[in-house]
Amino acid sequence: MFIVILLTAIDLIIKYVIYNNFMDTKILLFNRFVGFLPLINKTQMSFLNKELGMGVSNSVLIVINFLLLLILIFLYYRFYKLGYLNFHTKLILALFISASICSITDKIVLGGSLDYILLNKTVCDLKDIYLIIANVYVFVYMIKNISFSSSIKDDLLLLKKILGLKVEDK
């Protein structure tokens, strides 16, 4: 998946340049609403820590990210085998997989996340932007392609098929 390599490389190259050249640079615009504010985030590196205040350690976050990466790769494989891969599903999975790889790399190399984009009092990085785009894309794609004619039973059968579970014929 070329797009995964490209997105991951862009994130890592930007962080390398920032880490080696611009860690002391701060640019704040529009009354601190947006800006460039590089910092290595070692305490609130995940939704679990930032929003839920769980205090999950870096090591546990690496394991969780690695498991999520394996699940995403499995989903890509299953979508491919079942013929469900199209431009949209490839791009959505590529964004999620790239973000997962970037997150693991941050935690292993820096012991945290190098965040640098200030948006409305929150500092994030390109990986977070990938996740936001992927989540919005999934939401819009599902709404656009939702089938109101299918039943919950049909949806469960589709989910079993995607997960590779045995599906009984009717």
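Of the residues making up the range 117-141, those that are closer than 16 Å to residue 15 by Cβ, touching a residue at least 40 places away in the same chain (Cβ under 8 Å) and either assigned to a loop (DSSP other than H, G, I, E, B) or under 17 Å from the mean Cα position of the chain (by Cα) (or both) are 117, 123, 125, 126, 127, 130.
Cβ-Cβ contacts under 8 Å between residues 6 or more apart (or on different chains), taken from a first residue in the range 1-18 that is surrounded by 12 or more Cβ atoms within 10 Å (Cβ to Cβ) to a second residue that is assigned to a helix (DSSP H, G or I) and among the β-branched types (Val, Ile, Thr), are listed as 1/97; 4/97; 4/101; 8/101; 8/105; 12/105. Restricting attention to the range 125-149, the residues being at pLDDT 90 or above and either out of contact with any Cys (no Cβ under 7 Å at 6 or more places or on another chain) or acidic (Asp, Glu) (or both) number 16. The set of residues from the range 18-71 being at pLDDT below 80 and polar (S, T, N, Q) comprises 43, 44, 46, 49.
Every test in (1) modelled with pLDDT under 90; (2) closer than 17 Å to residue 105 by Cα is passed by residue 13 save one, and that test is (1). Looking only at residues of the range 82-125 that are small (Gly, Ala, Ser) and crowded, with 21+ Cβ neighbours inside 10 Å, we find that the one that is nearest to residue 41 (Cα to Cα) is 113.
A residue that is closer than 19 Å to residue 127 by Cα, of a type in the set (Ser, Thr, Tyr) and either part of a helix (DSSP H, G or I) or over 13 Å from the mean Cα position of the chain (by Cα) (or both) can be found somewhere in the range 18-29. Checking residue 166 against (1) more than 22 Å from residue 9 (Cα to Cα); (2) outside any loop (DSSP other than H, G, I, E, B): exactly one of these is not met. Which one? Of the numbered conditions (1) more than 22 Å from residue 9 (Cα to Cα); (2) outside any loop (DSSP other than H, G, I, E, B), the odd one out for residue 166 is (2).
Yes or no, residue by residue, for (1) in contact with a strand residue (DSSP E or B) (Cβ under 6 Å, 6 or more places away or on another chain); (2) under 21 Å from residue 90 (Cα atoms); (3) surrounded by 11 or more Cβ atoms within 10 Å (Cβ to Cβ):
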| residue | (1), (2), (3) |
| --- | --- |
| 130 | no, yes, yes |
| 134 | no, yes, yes |
| 139 | no, yes, no |
| 146 | no, yes, no |
| 150 | no, no, yes |
| 153 | no, no, no |
| 156 | no, no, yes |
| 162 | no, yes, yes |
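Quick test for you: out of 84, 76, pick the one residue that is farther than 13 Å from residue 130 by Cβ, in a helix (DSSP H, G or I) and out of contact with any Gly (no Cβ under 7 Å at 6 or more places or on another chain).
Values: 84 fails: in a helix (DSSP H, G or I).
Within the list 84, 76, the selection yields 76.
The values are calculated or read from the model by the stated rules, or taken from the named source; none is laboratory data. This one's a predicted model, so the numbers in the text were calculated from it and none came from an experiment. Neighbour counts are summed over all protein chains in view; Cβ atoms, including those assigned to glycine, are modelled from backbone coordinates with ideal geometry.
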